[in-house]
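Data block below; observations after.
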């Protein structure tokens, strides 16, 4: 079945450092790909998405590119802030509006 | 606030008891989802509805679990004869047509269940 694998955490960075969180997927079709974020004490929020190969999703300085050839959707940010400390989840859905399949999540901790 | 709401936020129960959770989706969203999240894991899909019709159920949804959305608005998730392994955060999400894209599911704050 479909699955999502993301890098183990926690990831600990200093403010203004470059961030990469790796995500790869297994799917039978052409899924849509997502990054969700969970800030401390808050619910899951959509951070960015990409619905077809080579699409780049971006939001709040974060970017991820849908790479079909490597089945990857790595999350990047050029300069992290303390306020980016959160748990990040990579996810896919085979078809719009159907179940999301999540990775295990990566905890990011940014210190000043 | 017009987001997804869930009630209760926390529930502590004894093994063997029945529990029921409620989810109120964003108004006019026609799809509603239930997920379960255990510590250190990502959310796992349980079931989803389009209006009042239950369109898909995960194999994780054992016979002790039942979900309803009787009028196509709020939904309930009932767990009968709870077990300690049911302890988790139960998340609800919704999405819909019109200005809302099916590609964005909006999540509620969750109901944390602890089975003693």
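What order do you get for B:92, A:23 when you list them from fewest to most C-beta neighbours inside 10 Å?
Numbers: B:92 29, A:23 24.
Ordered from fewest to most neighbouring Cβ atoms within 10 Å, B:92, A:23 come out as A:23, B:92.
Note on residue A:2 and residue A:109: with the Förster distance fixed at 25 Å, the Cβ-Cβ geometry gives a FRET efficiency of about 0.25. Global size of the range B:7-116: 13.5, 44 Å for Rg and Dmax (C-alpha atoms, Rg to one decimal, Dmax whole). Whole-percent P(r), the range A:1-107, all Cα pairs, 10 Å bins from 0: 16, 52, 28, 5. Compactness ratio for the range A:4-62: Cα radius of gyration over 2.2 N^0.38 Å (N = residue count) comes to 1.27.
Quick one: of the DSSP bridges fully inside chain A, what percent are antiparallel, nearest 5?
Rounded to the nearest five, the antiparallel share is 90 percent.
Fewest neighbouring Cβ atoms within 10 Å first, the residues B:77, A:33, B:116, A:13 line up as B:116, A:13, B:77, A:33. Across peptide B:103-111, the mean count of Cβ atoms from other chains lying within 10 Å of each residue's own Cβ comes to 5.
Test of understanding: ordering A:82, A:4, A:87 by Cβ neighbours within 10 Å, fewest first, what list do you get? Working shown, then result.
Values: A:82 12, A:4 23, A:87 19.
By the 10 Å Cβ count, ascending: A:82, A:87, A:4.
By definition, a body whose alpha carbon gyration tensor gives a ≥ b ≥ c is prolate when a/c is 1.5 or more and a/b is larger than b/c, and the protein assembly as shown fits this prolate description. Counting Cβ atoms of other protein chains within 10 Å of each Cβ in B:39-50 and taking the mean gives 4. In this structure, residue A:28 and residue B:17 have a Cβ-Cβ separation that, at R0 = 45 Å, corresponds to a calculated FRET efficiency of about 0.65.
Read the figures in this text as sums done on the coordinates, not as results from a lab. Because the structure is a prediction, the values reported are computed rather than measured. No Cβ is skipped: glycine too gets one built from the backbone with ideal geometry, and neighbour counts run over all protein chains shown.
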